[in-house]
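The values are calculated or read from the model by the stated rules, or taken from the named source; none is laboratory data. Treat the numbers as computed from the prediction; the structure is a model and nothing was measured. Glycine also receives a Cβ, built like all others from the backbone with ideal geometry; neighbour counts cover every protein chain displayed.
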Amino acid sequence: MQQNVLAPMGITQMEIGGNKLADRKTNEVVYYPNSAAYANYMNVERMDAHGGWIATPIDLVKFMVHADGFTTVADDISNASFTTMTTPWQPGAGYAKGWGLSGSNFGHNGAMSGTIAQLERRADGYCFAVVVNTRPATDEFVGKLKQALNNIINGVSSWPTHNLF
């Protein structure tokens, strides 16, 4: 995964997390509250694809721009795969193959003890990621973060025209 998928996208720091605070990777944050984030029942190493990966927001955005259906950066998936992954599982459903759908926007959030995150691809060509090293009592917090970032993007009148990666 790291060599064949992530490295060609310019992603070099994503890796599977450890189970304990002592297993923390280089540059990995500490999760709060520690007692829940590093609980014995959390086998992060075995979660791998469903929540065990450690990634920065920049790495998540790099991943997204290689699978977003836009031509700004060449996608690493086919047009057919893009259509499959963004087609609702049933007409009108707000979910498709791992992506939450909202009109022509799609994204995914993740949450477990000590962390909550959102990756979003907007129909207007922008995408963003936010990662937090604590998890509030409810997952509504990530929706508020998502809305705040959308408001910021909507309020910017001039963006750089060059690739920021």
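Just to be sure I understand the filter: pairs with C-beta atoms under 7 Å, separated by 6 or more residues or on different chains, first member in segment 136-165 and in contact (Cβ under 8 Å) with a residue 12 or more places away in the chain, second member part of a loop (DSSP other than H, G, I, E, B) and of a type in the set (Ser, Thr, Tyr). Which pairs pass?
Cβ pairs passing all conditions: Ile153/Tyr126.
For Val130, are the conditions met, namely being β-branched (Val, Ile, Thr), part of a helix (DSSP H, G or I), surrounded by 17 or more Cβ atoms within 10 Å (Cβ to Cβ) and in contact with a strand residue (DSSP E or B) (Cβ under 9 Å, 6 or more places away or on another chain)?
No.
Sort through Pro160, Pro88 and tell me the only one that's touching a strand residue (DSSP E or B) at 6+ places or on another chain (Cβ under 9 Å), surrounded by fewer than 16 Cβ atoms within 10 Å (Cβ to Cβ) and either aliphatic (A, V, I, L, M) or not in a strand (DSSP E or B) (or both).
From the options Pro160, Pro88, the qualifying one is Pro88.
Any idea which residue in segment 26-50 is modelled with the highest pLDDT, counting only those that are part of a loop (DSSP other than H, G, I, E, B) and either more than 30 Å from Leu164 (Cα to Cα) or more than 19 Å from the chain's Cα centre (by Cα) (or both)?
Across segment 26-50, the extreme among qualifying residues is Thr26.
Any residue at all in segment 75-97 that's under 22 Å from Trp159 (Cα atoms), touching a residue at least 12 places away in the same chain (Cβ under 8 Å) and in contact with a Gly (Cβ under 8 Å, 6 or more places away or on another chain)?
The answer is no, given that none of the residues of segment 75-97 is under 22 Å from Trp159 (Cα atoms), touching a residue at least 12 places away in the same chain (Cβ under 8 Å) and in contact with a Gly (Cβ under 8 Å, 6 or more places away or on another chain).
Of the residues Glu15, Glu45, Glu120, Glu28, which is under 20 Å from Val131 (Cβ atoms), touching a Cys at 6+ places or on another chain (Cβ under 9 Å), among the charged types (D, E, K, R) and free of Cβ contacts under 8 Å to residues at least 60 places away in the same chain? Spell out the reasoning first.
Numbers: Glu15 fails: touching a Cys at 6+ places or on another chain (Cβ under 9 Å); Glu45 fails: touching a Cys at 6+ places or on another chain (Cβ under 9 Å); Glu28 fails: touching a Cys at 6+ places or on another chain (Cβ under 9 Å).
On inspection, the qualifying residue turns out to be Glu120.
Confirm whether Gly110 is among the small types (Gly, Ala, Ser), assigned to a helix (DSSP H, G or I) and surrounded by 12 or more Cβ atoms within 10 Å (Cβ to Cβ). Please lay out each step first, then the result.
Numbers: among the small types (Gly, Ala, Ser): yes; assigned to a helix (DSSP H, G or I): no; surrounded by 12 or more Cβ atoms within 10 Å (Cβ to Cβ): yes.
Criteria not met by Gly110.
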